[in-house]
Amino acid sequence: MGELSRLAVLGAGHVGPVIARLAVRAGYPVAIATSGDPEDIALITELVVPGARPRWAADAVTDAGIVVLAIPLHRFLDLDPGLLNGKIVVDAMNYWPASDGVLKPFTGGTSSEIVARRLAGSSVVKALNHIGYHELEDRAQPAGAPDRRATGVAGDDPAAVATIAGLVDRVGYDPVRLANLRAGRVLQPGGPVFGTVLTLPDFERAVRQDARSLT
């Protein structure tokens, strides 16, 4: 196996450290960053994500091939799109009005499509967003495990989707590639697989039965 892409995980709340831990275990070089000084998260990173390196966000992104957005969605609007130009960006964020309130910029389409429009210089892939962070770690299984679960991967750039499908596989899930970024609606709050941890056949069945996966 060749050298794996460097990951920059933006966000050190609940989801970011889980994704970072899974990626470190899978052999990826991982940096984790927030909007502030990396020294502020150095100790917690050492304890919670051993093997990951806390860095300034700009430095982490510059050196990364894959950038995981695991920040609250409203904070995304403060992010400089130019920082992410040329990167594969994993949108692990969710627009959930019932929990977070109405965010007007995200009311005109699926949240990932809006993220992608803002990040026009990046290849945006929706992934690692529909499984709760506790379960995302606890349910990860090696390839071939009889009880392995599935997770969706949606994007408009086939090469980027293939890269993130590989990441998903290495961290412990069977990747299900959806038709395009718009089809990733099934992964969002209110979608048929949001908040669930399904086997591959059950995941594919749920997606097929939902018309949102077809457009």
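Worth a mention:
- Modelled label positions at Thr62 and Glu39, each set 7 Å beyond Cα in the direction of Cβ, lie 1.9 nm from each other.
- Calculated FRET efficiency for the pair Asp210/Arg25, C-beta based, R₀ 30 Å, to 0.05: 0.40
- Proximity of backbone amide H atoms, modeled 1.01 Å from N, is registered between Val9 and Ala31, Ile32, Ala33, Val68 at under 5 Å, excluding neighbours fewer than 5 places apart on the same chain.
- Once the Cβ-Cβ distance of Leu47 and Arg139 is raised to the sixth power relative to R0 = 22 Å, the FRET efficiency obtained is 0.45.
- The mean accessible area for residues of segment 7-214, using a 1.4 Å probe and ignoring ligands and nucleic acids, is 44 Å² per residue.
- Once the convex hull of all Cα atoms in the chain is built, its volume per residue stands at 114 Å³.
- Segment 117-193: proportion of alpha-carbon pairs further apart than 18 angstrom, %: 40
- Note on the chain: with neighbouring protein chains present and a 1.4 Å probe, carbon and sulfur make up 51 percent of its accessible heavy-atom surface.
- Residue of Leu187, Leu22, Leu43 that the Gaussian network model of the chain assigns the largest fluctuation, springs spanning Cα pairs under 10 Å: Leu43
- A 1.4 Å probe over all protein chains sorts Leu69, Leu178 by accessible area into Leu178, Leu69, starting with the largest.
- Point-charge dipole on Cβ atoms (K/R +1, D/E -1) for the chain, about Cα centre, debye to 20: 540
- Binned Cα-Cα distance frequencies in segment 1-123 - 10 Å width, integer %: 14, 45, 31, 9, 0
The values are calculated or read from the model by the stated rules, or taken from the named source; none is laboratory data. All values derive from a computational prediction rather than experimental measurement. Ideal geometry is used to build each Cβ from the backbone, glycine not excepted, and the neighbour counts take in all protein chains shown. When the accessible area is computed, the model is the full protein with side chains, heavy atoms only, and any ligands, DNA or RNA have been set aside. Shrake-Rupley method; radii C 1.70, N 1.55, O 1.52, S 1.80 Å.
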